[in-house]
Every structure is written in C-alpha cells, then in structure tokens.
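Structure first, commentary second.
The values are calculated or read from the model by the stated rules, or taken from the named source; none is laboratory data. It should be emphasised that the depicted structure is a prediction, and the values quoted were computed from it without experimental measurement. A quick note on method: Cβ atoms are made from the backbone with ideal geometry, for glycine too, and the neighbour counts reach across all protein chains shown. Just the protein is used for accessible areas: all its heavy atoms, side chains included, with ligands, DNA and RNA removed. Shrake-Rupley method; radii C 1.70, N 1.55, O 1.52, S 1.80 Å.
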Amino acid sequence: MGTSSQSTTIIETEDDVPNSNQFCDEAAMCILSVKGLKENWQKWSDEHREYQKLNPFSHGTRPSVVAPQRGQDDYGKPLQGSMTEQRGKDAHTNISREVEELCEVIRNIGEPGDKDGDGGGDGKVVTVEFRKLFEHYVTISNKLVGVLLRARKQRLVDFEGEMLWQGKDDHAVITLLP
C-alpha cells in the first residue's frame, strides 16, 4: 500500500492489444465533441450578447434599438411576437370571459326593469342588488368588484359610486345595460 499511485495494465496476448486506428478514432471523436461544445457555447454567447443589446435593463451595454417615444404606435406595447405580448393577449381573453360570465349571472339572478324607471318598455335592463350578486358570484370568483369595474368601463353595467364595498354597499343597484 502506498508505494505507487499509478496503475498499470499488463497486456498478455496480441488479441488484447488495441488497434492503433481505434485510438485515433476515439481521440478524433473526443476532439470533435469538444469542438462541438465550444461552437455551441460560442453561438449561445453571441445570441445572448445580441439579445442583451436590445434589453433596456441590461447594464454595461447600450441598447442598439431606440425606445419608442410617447405618441408613437409602439409606445407602451410589448415587442410583437414576444412572450409578454402573448401573456397580455391571454390575460385579455380571460378577463373578457369573466366579464361575459358576470353579465350572464346578472341576467340569471337579476330582475327585469326599465332603464328610465318610468314603466315604459323601451329600455329593458336587468338590475340586481350588490349583496345578492356577491352571494351568488362568490362561488364563481373572488374578483367580483374588479370584474364589475371592468364591465362598467366597457359600458356593460352601471352602478352608483366609484367602488362597491361589501357591507356598506349591499343595497347598491347594479344595472346590466342593453
């Protein structure tokens, strides 16, 4: 023990001797695979460097693309085809679906009425108190007030005040507009 850290292999027959061509093939394979790794790494590095030039938050590099200024069509919008753009589209689709669902719930649980409240049949609308809507909608989503605000912004519903508070505004009337 401890006499030599090197290990030696003893070849006893000619059949055990590896072919010299085999050594060359293995060495060439090794060189090619290392060369491939180096080329792939360099390619990734170059692509990342170009991407960082476009990143306005990257330190040490000057963005090569001029950021859009106020008034331009691209201002405040993500790059076309980016993941940010796709996430925005997905969010818009989900919110629109929730607004449609809210309107359907109001139609189902609300009471028909007139827009003017004078008994004339011209402006048919559906009304519901906030408390009743809250009790029904809470099993569907916990974002009722946010969805109501979005629906009001799209002029699908109307109610008094800027915000509805549970308890305080239980008797506030929410009107589904035609």
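Quick notes on this structure:
- Net length gained if the chain between F57 and E135 were fully extended (0.36 nm per residue, minus Cα distance): 23.5 nm
- Total lysine pairs in segment 98-176 at Cα distances under 21 Å, for residues eight or more apart or on different chains: 9.
- Counted residue by residue at 0.36 nm each, then reduced by the alpha carbon distance between them, the extension gain from S33 to M83 reaches 14.7 nm.
- Over segment 98-176, relative contact order from alpha-carbon pairs under 8 Å, at least 6 apart, %: 35 percent
- Where K89, K132 fall by accessible area, highest first, once all protein chains stay in place (1.4 Å): K89, K132
- Unit charges at the beta carbon, dipole of segment 126-171: most positive-side option, S141, F130, G161: S141
- Dipole magnitude (debye, nearest 20) for segment 98-176, charges at Cβ of Lys, Arg, Asp, Glu: 280 debye
- Remark: the D114-K153 segment gains 11.9 nm on full extension, using 0.36 nm per residue and subtracting the alpha carbon distance.
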